[in-house]
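The next block holds one structure in the form of structure tokens; read it before the comments.
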Amino acid sequence: MLHSNPVPNPSGPQPAVWDCETAILLRSILLPIFNRVSSWTALIDEMQAKEYSLAFRGGTFSIIDDRNGQRLCGLRFLGLSMQELVARMGRPKVVVRSGRHANGELLRDPSELSRN
């Protein structure tokens with residue numbers, strides 16, 4: 001069950017506040033995906049198969065629920081860091097979304113840049 005965060009923070013996206021059972025379930029679904037993939041393309045494909053996407057929101061790496069467009073969580077929630085992922089898979093390809101503060105979408109294929 002998702003609980004609202006009572007204190008908004010204008011400095012960036014706030015993580016969802018999950019009850020402990022939901023948090024454990026969410027980690028048990030997402031963390032194995034992050035641990036087994038060896039490329040950003042594979043990660044994006046596996047996340048899309050589960051109806052999630054990867055993006056930056058307010059400069060923070062975020063997992064987005066594609067069903068409602070809401071930020072689900074970030075890497076810290078999973079116990080991961082961007083440095084760890086970059087060391088393993090290289091730098092992700094990101095297209096910046098203009099008009100939004102530090103927002104961007106991860107690209108599956110760099111050729112998508114020319115189409116966006």
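Before moving on, here are some points about what is shown:
- Within region 85-106, residues that are closer than 16 Å to GLY59 by Cβ sit with their Cβ atoms under 9 Å from residues that are among the hydroxyl-bearing types (Ser, Thr, Tyr) and not in a loop (DSSP other than H, G, I, E, B), at 6+ positions apart or across chains, in these pairs: ALA102/THR60; GLU105/SER53; LEU106/SER53.
- Among (1) charged (D, E, K, R); (2) over 11 Å from the mean Cα position of the chain (by Cα); (3) assigned to a helix (DSSP H, G or I), the one test that ARG91 misses: (3)
- Close Cβ contacts (under 7 Å, 6 or more residues apart or on different chains) running from residues in region 6-35 that are farther than 16 Å from LEU54 by Cα to residues that are in a helix (DSSP H, G or I) and modelled with pLDDT of 90 or more comprise TRP18/LEU26.
For every residue, the table says whether it meets (1) open to solvent by less than 40 Å² (accessible area, probe 1.4 Å); (2) part of a loop (DSSP other than H, G, I, E, B).
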{"site": "ILE44", "(1), (2)": "yes, no"}
{"site": "GLN48", "(1), (2)": "no, no"}
{"site": "ALA55", "(1), (2)": "yes, no"}
{"site": "ILE63", "(1), (2)": "yes, no"}
{"site": "ASN68", "(1), (2)": "no, yes"}
{"site": "LEU72", "(1), (2)": "yes, no"}
{"site": "ARG76", "(1), (2)": "no, no"}
{"site": "GLU84", "(1), (2)": "no, no"}
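- Subset of region 28-66 [farther than 23 Å from HIS101 by Cα and of a type outside the set (A, V, I, L, M, F, W, C)]: SER28, PRO32, ASN35, ARG36, SER38, SER39, THR41, ASP45, GLU46, GLN48, LYS50, GLU51
- Answer residue from region 1-55, given it is at pLDDT 75 or above and among the hydroxyl-bearing types (Ser, Thr, Tyr) and is farthest from VAL95 (Cα to Cα) among those: THR22
The values are calculated or read from the model by the stated rules, or taken from the named source; none is laboratory data. This structure is a prediction, so every number in the text was calculated from the model and none was measured. Every residue, glycine as well, gets a Cβ built from its backbone with ideal geometry; the counts of neighbours run over all protein chains shown. Protein only, heavy atoms only, side chains kept; ligands, DNA and RNA dropped before computing areas. Shrake-Rupley method; radii C 1.70, N 1.55, O 1.52, S 1.80 Å.
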